[in-house]
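Some notes on the structure that comes next.
The values are calculated or read from the model by the stated rules, or taken from the named source; none is laboratory data. Quantities reported herein were computed from a predicted structural model and do not represent experimental measurements. Every residue, glycine as well, gets a Cβ built from its backbone with ideal geometry; the counts of neighbours run over all protein chains shown. These accessible areas exclude ligands, DNA and RNA; they are computed on the full protein's heavy atoms, side chains included. Shrake-Rupley method; radii C 1.70, N 1.55, O 1.52, S 1.80 Å.
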Amino acid sequence: MIFKKNKKKPRKDATRDSSQSTPKKNATRETLQFKIIIRKKRNGKKLNEQEIKYLISEYAKFNIPDYQLAAFLMAVYFQGMDINETTDLMQAMMCSGKVLNLSNIRKPKIDKHSTGGVGDKVSLILAPLMASCGICVPMISGRGLGHTGGTLDKLESIPGFRTNLNLKSFILQLKRLGVAMIGQTGEIAPVDKKIYALRDVTATVASIPLIAASILSKKLAEDLDGLVLDIKFGSGAFMTDYKKTKKLARTMIRISERAGVKVTVVITDMNNPLGKYIGNSLEVMEAIESLKGRGSKDLMEVTFALGKEMLKMAKIKGGIQLLKKKISSNAALDIFKQIVCAQDGDALIFNDYTRLPVARHTYRVLATKSGYVHSIDNFQVGMLLVKLGGGRMQMEDRIDPSCGFQIYKKIGDRVKPGNCLVKIYCDNPSKARLVQREMRNVYVIRRKPQSRKKLIRETIRS
Ligand code: URA
């Protein structure tokens, strides 16, 4: 028996339920022990390391049914976890798979992760850019889900590009090129994938301890020297509340410190789509344009803010000037070409965007009144991409990489009747017309301009 039975009398306010009655004979030992843990968390008590390790390892071994883990996740959603519990959860999830050993790579190993947004293609620019500065970037990324896009889907819109390298090939490429961009293999924190799918369908994604443990269980398995986190805040982010965003930032910094990894958090605004394009192949095109020195101001501001922090962590001098130099000399672009070649992608896309699967038909959404863009429901913009087919609601959904949006007007911009707000790329006319109608409601236009908010809200270092 790993855990002692809870001999305390139930609290007066605790609801009496079957967990306090005689267990059924056919219930397994794991089911009963897990019930004790769920009840403890439901009642707002702290779990110890042993309990957390036990539940994660048994769930990973399929010894615990989804309905029990779902109940546990909901208990955590409402009762939270303290820093010890969250650290134990992260560690248990990380240890469900392999932890890389990159000690024979001499370069500083630093990665970046974003909590997800709309139009966020920063990783495509930043990974080769940092590798061109001498940093090793072992980037293991995720797929898009709901309104947020994912680096893997963007990369896979490049014909032939393989994101499913095994860990051996991943490490070989890191040694050779200093950067590789792959998906979460079954070997890295596999239990997170299972838990994340359950969180998605049980509305328990937006929980600070669950988000922190989930992200860090994968990132800290990369054997990093440092990690720069882009925590998004605003209508297109997981977090719409600034206080909660900061709490997530502090939680992630404290957990990483305990694991001996330096973390810097940059909180960035996600009330506007980032850059000019949203949609997988369109964003690859925009990332290449940015590496050719033609990136939009907001996209480059976020890229440089994160890159500057990565340089600091690696103790490489030069700051933003160095990053700009690596772009103007095409050094970062060359590395991206090498990544595409090494991972079997079509390297001819760099000079011929027609090789990317971009929809041939476009539809414009026009302003009907004059004024200034007061707000954009950025969450809805992401969901309209899902409606077009360019995003997914469930992990197993297939996506259409060709569709997306070109954003012409953002918050604070002046508009006149007939001005184009958004151009829709889509080869399915009925979906395109539906999205065209709905996109109009996403924009709020008022007579007076509102003051522009800072894109980089705050930088918090460990
Ligand atoms: N990304 C993750 O990997 N996990 C979360 O919980 C949220 C975003």
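Values computed for the structure shown
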item: For segment 147-199: relative contact order, % (alpha-carbon pairs under 8 angstrom, 6 or more apart); result: 28 percent
item: Which of Arg446, Arg392, Arg162 is most accessible, then next, and so on - probe 1.4 Å; result: Arg446, Arg162, Arg392
item: Local net charge near Gly319, Cβ-Cβ under 11 Å (Lys/Arg +1, Asp/Glu -1); result: +4
item: Tail beyond 28 Å, pair distance distribution of the chain (Cα, percent); result: 53 percent
item: Of every Cα-Cα pair in segment 110-352, the percent that sits beyond 25 Å; result: 37 percent
item: Paramagnetic reach from Ile456 in segment 213-243 [backbone N under 18 Å; point 7 Å along Cα→Cβ]; result: 227-233
item: For segment 165-272, size of Cβ-based charge dipole, Lys and Arg +1, Asp and Glu -1, in debye; result: 180 debye
item: Whole-number percent relative contact order across the chain, with pairs defined as alpha carbons under 8 Å at least 6 apart; result: 18 percent
item: Solvent exposure of the chain as accessible area per residue, Å², 1.4 Å probe; result: 45 Å²
item: Which of Ala221, Gln173, Ala249, positive extreme of dipole for the chain (C-beta unit charges); result: Ala249
item: Sequence of Glu49, Glu438 when ordered by accessible area, the most exposed leading, probe 1.4 angstrom; result: Glu49, Glu438
item: Over the chain: helical MRE at 222 nm, DSSP H runs n ≥ 4 each giving -39500 (n - 2.57), nearest 500; result: -13000 deg cm²/dmol
item: Summed residue charge, Cβ within 13 Å of Gln406's Cβ, Lys/Arg positive, Asp/Glu negative; result: +2
item: Solvent-accessible surface (1.4 angstrom probe) belonging to Cys95, in square angstrom, nearest 10; result: 90 Å²
item: Lys pairs, segment 21-80 - Cα-Cα below 19 angstrom, 8 or more residues apart or on other chains; result: 10
item: Sequence-distant residues sharing a close amide H with Lys112 (under 5 Å, placed H); result: Val228
item: Fraction of accessible area attributable to carbon and sulfur, the chain (%, probe 1.4 Å); result: 51 percent
item: Set Lys246/Lys454; Lys193/Lys308; Lys297/Lys423 screened for pairs whose C-alpha atoms are more than 24 Å apart; result: Lys193/Lys308
item: For segment 21-80, the spread of Cα positions along each principal axis, largest first, Å; result: 31, 27, 20
item: Solvent-accessible area of Tyr242 with every protein chain in place, 1.4 Å probe, in Å² to the nearest 10; result: 60 Å²
item: Cross-link reach list, lysines versus Lys292, counting only Cα pairs under 17 Å and skipping chain neighbours closer than eight places; result: Lys121, Lys276, Lys324, Lys325, Lys326, Lys337
item: ³J(HN,Hα), Karplus 6.51/-1.76/1.60, whole Hz, each residue of segment 394-407, x for Gly, Pro; result: 10, 4, 7, 4, 8, 10, 9, x, 7, 9, x, 10, 10, 9
item: DSSP bridge orientation in the chain - percent antiparallel, rounded to nearest 5; result: 55 percent
item: Order of exposure, largest accessible area first, which applies to Tyr443, Tyr77 with probe 1.4 Å; result: Tyr77, Tyr443
item: Under the Karplus curve 6.51 cos²θ - 1.76 cosθ + 1.60, θ = phi - 60°, whole-Hz ³J(HN,Hα) for segment 314-322, x wherever Gly or Pro sits; result: 7, 6, 9, 7, x, x, 5, 4, 5
item: Karplus (6.51, -1.76, 1.60) ³J(HN,Hα), θ = phi - 60°, over segment 340-350, in Hz, Gly and Pro reported as x; result: 4, 4, 4, 9, 6, x, 7, 6, 6, 4, 4
item: Surrounding net charge for Phe379, when Lys and Arg each add one and Asp and Glu each subtract one, Cβ distance under 15 Å; result: -3
item: Charged-residue dipole, Cβ positions (Lys, Arg, Asp, Glu), the chain about Cα centre, Debye nearest 20; result: 1560 debye
